[in-house]
Each structure stands twice: as structure tokens, then as C-alpha cells.
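Below is one structure; the comments refer to it alone.
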Amino acid sequence: MITYNSYTMHHPTSLPKIAGFASIFIGVVAAAFAFITKSPEASVYMGSAGVALCVVSAVIARKNIDELQMTVAGLFLAIVATAIGIWQMYNL
């Protein structure tokens with residue numbers, strides 16, 4: 001009979017994995033905010049804050065390719081949000 005206790009099934013979550021998930025979340029929120037909002041300055045500020053946080057997350061996750069891929073995806077979304085805000089400022 002095999003018994004499992006909580007110590008054998010423990011899978012700790014690493015800081016790079018948390019940083020990767022946070023990066024994707026920030027990128028998605030910034031991109032959604034850029035499409036929804038009517039004020040382009042707010043989307044530029046939120047997108048640039050997302051870019052800064054994603055760069056910090058990339059520094060944390062640089063040694064593991066899986067977490068780095070998540071961070072780059074979040075960085076891409078934050079850059080898109082910033083670009084949409086800048087486009088809205090000059091064209092609307």
C-alpha cells in the first residue's frame with residue numbers, strides 16, 4: 001500500500017514562475033486598458049509601468065526558458081498597450 005503525505009507531493013512555486021505569471025497579467029491588463037479607456041495618457045502610463053515591471057521580471061526569470069517565455073509575452077503585451085496609447089495621443 002502506497003501512502004502519500006503532504007511532504008512528498010509538495011511542489012514549491014519559484015519566484016521566476018510567479019514573476020512570469022505577474023508579467024502576463026500586467027501585460028494583459030495594460031493592453032485591455034488601452035483598448036477600453038478614452039484617455040490615452042493613462043494607457044501610456046499603465047503600459048510603460050507594465051514594460052518596466054516586465055523588464056524586472058525578465059531579469060528575475062532569465063535562467064529558465066519557460067518563465068522567460070511568459071515574461072516576454074507579457075512584455076510584448078505591455079509594449080502594445082504603450083504603442084496604442086501613443087497612437088491615440090497623436091491621432092485622436
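The values are calculated or read from the model by the stated rules, or taken from the named source; none is laboratory data. Here the structure is a predicted model, which is why all the values come from computation and not from measurement. Protein only, heavy atoms only, side chains kept; ligands, DNA and RNA dropped before computing areas. Shrake-Rupley method; radii C 1.70, N 1.55, O 1.52, S 1.80 Å.
Things to note:
- MRE, 222 nm, helices only [DSSP H, n ≥ 4, -39500 (n - 2.57), over the chain, to nearest 500]: -26500 deg cm²/dmol
- Rounded percent of accessible protein surface that carbon and sulfur make up, the chain, 1.4 Å probe: 72
- Surface per residue (accessible, 1.4 Å probe) for the chain, Å²: 69
- With semi-axes defined as the square roots of five times the eigenvalues of the C-alpha gyration tensor, the equivalent ellipsoid of the chain measures 36, 13, 8 Å, largest first.
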